[in-house]
Amino acid sequence: MSRPTPLRDVHESLGATLTDFAGWLMPLRYGSESAEHNAVRQAAGLFDLSHMGEIFVTGPQAAEALDYALVGQLSALTPGRARYTMIVNERGGVLDDLIVYRLGDEEFMVVANASNYEKVAAELTDRAKPYDAAVEDRSERYALIAVQGPRAQEILATLTDADLAGLKYYAGLPGLVDGREALIARTGYTGEDGFELFVAAQDAVPLWQALTVAGEPYGLLPAGLSSRDTLRLEAGMPLYGNELGPELTPFDAGLGRVVKFDKPGDFVGRSALEAVKDTPPRRRLVGLVARGRRVPRHGYPVTKDGAVVGEVTSGAPSQTLGKPIALAYVDTGAEAGLAVDIRGSQEPVDLVELPFYRRNK
Amino acid sequence: MSNIPDELSYTKEHEWVAGLDDGITVTVGITAYAAEALGDVVYVQLPEAGSSVAAGDSVGEVESTKSVSEIYAPVGGEIVEVNQAIVDDPSLANSDPYGEGWMFRVRIEGDPEDLLSAAEYTALTSGES
C-alpha cells in the first residue's frame, strides 16, 4: 500500500493520475504531461515533492560527521548555502545523491531520494557515531513543494517578503510564505530557475492553494512526476536507480567533481575512489539523440555494428528538442555509428554533449 | 469514466472496431481508456496498406511519454487503408480517439471472434481502474 503525501486529496480533486513511486502515492500527471513540461519551460509548474526525505544532522561536530559520511566537503559550506553531493559505500558505489543545506554552524539538512532516505538516515546515524552530532530523520514532519520555471520568482514574490532576488542558486533561507514558516531554497530538478519550499506537513495544502492562486495569472500548472522526469532528462540530471546505483561510482556517472579528496581526514569510500579516479571508466554516461521517432527506453541495448556497446538508462520523447533523447552508459571510445536496439530494430542515434537543454540566463 | 460508445466493438487489448455490422471493412483504433492510460501519444507506427494480417497479430505500436504498447489486429484480413493523419499528429489518439484518431481499416476475411460489446468492455475497464 502506497503512502500518501499531505497533498493527496488535492491531487485527487485536480483529477491527477496517481501512481506508486518508491512506495509513495504520487501524481504522475494532472492532464497532459506535455503541457506540464512546456509550462515549466515557458512559465511555471507546481510540484509535490513531499516523498523526498529530510534528515537533520546537528551538533558541534555535525560538519565533521558529514565530511566523513559523504564525498563532499560540507564543513566548507557557508550557512545559508547548499551543495549537491553523494553518499557512497566502502567500494565507492553510490548509495544516494543528495542536496545538503547548511542551516547554521551546527545544523545541516540532508535531502535524500524517496527510495533511499531510510537507508541514508541509517547510514548517517552509523557513520556519525564517533562524532558529537545527532542524526534525526524528520521526513514525516515536512512537506516539500517546488515552484519551477522562468516565472517562479514573480509568483513566489507575491506571497513572501523574503529577498528572493538576492537568493543565489543552491542557497536557502528561512522565511514566511503566505504567512507560513518555510525554508525557501533556490534549487530544483528541472533545468529551470525555481524554488523548493520545505514546510510543515500541515501547511502543505494551504500553501499549495495559495501558490495555485498566485500562479494562475502567470500560467502556472500543477505538474506531475512524468513531466519532472522529462524535464530533468533534458537537463541531463541523473536519477538514482537509473543513472546512479551501488555498482557505479561518481566517476562512472561523470560526476567525479563532487568527490573532494583534498578535504581533511578520511571519508567512507576514499580509498576505493582514489584507486579509480584517474582510470577512465569502462563505460561512461552519455547523451543520445535519436534520428527517428521511436523512443529509446530504460534497459534497451546500445549497439555499434551489431555489437552491444552500452545500455540506455533513461529515455523519453523531448518536447523541447522535438526528438527522442536518452541517457546511456556507453563503452569509452564508442562515439560514432551508434544505434539503440528498439525491440529488435537498430535505430540510429547521435552522441551529444550533455545537457540536452540549457536555459537562457 | 472513459467514453465507451455503444455502437462499437472492443478487444481486451483496448482497441475499438467500427463497422462490424456492415460486414466487409472495419475501422480500428485505440480506446479513450487506452489513450488516457498511455498519456500523451507521441508516435504511432501502423501496418502497411495492402498487407495481410491474422487476428491477434502485432501490427504496430503506440508510444507515449512514459510507455510503449503494441497494436494488435482485432480481425484477420487485408489492411486496406491507414490513417496518415495520426502518423503525422499522434496527439489525435488523445484528442479524438474514436474519430480523427482512427488507425487503420481491414477488409475482413473469415469470422471475427472474441470481440467485446460496449457493456463487456465497460466491465473490463472498470475492473482494471
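Is segment B:72-87 home to any residue that is within 14 Å of another protein chain (Cβ to nearest Cβ), touching an Asp or Glu at 6+ places or on another chain (Cβ under 8 Å) and closer than 30 Å to residue A:226 by Cα? Yes, there is a match, as at least one residue in segment B:72-87 is within 14 Å of another protein chain (Cβ to nearest Cβ), touching an Asp or Glu at 6+ places or on another chain (Cβ under 8 Å) and closer than 30 Å to residue A:226 by Cα. Consider segment A:140-185 and keep the residues that are under 20 Å from residue A:83 (Cβ atoms), touching a helix residue (DSSP H, G or I) at 6+ places or on another chain (Cβ under 9 Å) and not aliphatic (A, V, I, L, M). The one that is surrounded by the most Cβ atoms within 10 Å (Cβ to Cβ) is A:148. Listed conditions (1) touching a residue at least 60 places away in the same chain (Cβ under 8 Å); (2) more than 17 Å from residue A:73 (Cα to Cα) are all met by residue A:297, apart from (1). Mind checking whether some residue in segment A:23-45 is touching a Pro at 6+ places or on another chain (Cβ under 7 Å), surrounded by fewer than 20 Cβ atoms within 10 Å (Cβ to Cβ) and either outside the structural domain of residue A:102 (by TED's automatic domain parsing) or under 25 Å from residue A:241 (Cα atoms) (or both)? For segment A:23-45, residues touching a Pro at 6+ places or on another chain (Cβ under 7 Å), surrounded by fewer than 20 Cβ atoms within 10 Å (Cβ to Cβ) and either outside the structural domain of residue A:102 (by TED's automatic domain parsing) or under 25 Å from residue A:241 (Cα atoms) (or both): present. Taking segment A:265-361 as the region of interest, the strands (runs of 3 or more DSSP E) fully inside it that hold 2 or more residues being charged (D, E, K, R) and touching a Lys or Arg at 6+ places or on another chain (Cβ under 9 Å) are A:345-352. Here B:53, B:17, B:28, B:44 are screened, and the one residue that is of a type in the set (A, V, I, L, M) and within 14 Å of chain A (Cβ to nearest Cβ) is B:44. Taking segment A:4-60 as the range and being more than 19 Å from the chain's Cα centre (by Cα), aliphatic (A, V, I, L, M) and assigned to a strand (DSSP E or B) as the test, the residues that pass are A:18, A:57. A single entry from A:112, A:165 fulfils the requirement of being under 27 Å from residue A:10 (Cα atoms) and assigned by TED's automatic domain parsing to the domain that holds residue A:221: A:112. Out of curiosity, is residue A:303 among the hydroxyl-bearing types (Ser, Thr, Tyr), modelled with pLDDT of 95 or more and touching a Pro at 6+ places or on another chain (Cβ under 9 Å)? The answer is no for residue A:303.
Which residues, counting only those in segment B:18-40, are crowded, with 21+ Cβ neighbours inside 10 Å and outside any loop (DSSP other than H, G, I, E, B)?
B:26, B:28, B:29, B:30, B:32, B:33, B:34, B:35, B:38 - these are the residues of segment B:18-40 that are crowded, with 21+ Cβ neighbours inside 10 Å and outside any loop (DSSP other than H, G, I, E, B).
Looking for whichever is at pLDDT 95 or above, surrounded by 17 or more Cβ atoms within 10 Å (Cβ to Cβ) and within 17 Å of the chain's Cα centre (by Cα) here; the options are A:103, A:66, A:95. Which one fits? Unique residue meeting the criteria: A:95.
Out of all the residues in segment B:70-98, which are part of a strand (DSSP E or B) and surrounded by fewer than 18 Cβ atoms within 10 Å (Cβ to Cβ)?
Once the filter is applied, which keeps residues that are part of a strand (DSSP E or B) and surrounded by fewer than 18 Cβ atoms within 10 Å (Cβ to Cβ), segment B:70-98 yields B:70, B:78, B:80, B:81.
Against the numbered list (1) assigned to a strand (DSSP E or B); (2) within 14 Å of chain A (Cβ to nearest Cβ); (3) touching a residue at least 24 places away in the same chain (Cβ under 8 Å), residue B:61 comes up short only at (3).
The values are calculated or read from the model by the stated rules, or taken from the named source; none is laboratory data. From a predicted model like this one, the values you see are computed outputs, not experimental measurements. For neighbour counting, all protein chains shown are included, and Cβ atoms are generated from backbone atoms with ideal geometry for every residue, glycine included.
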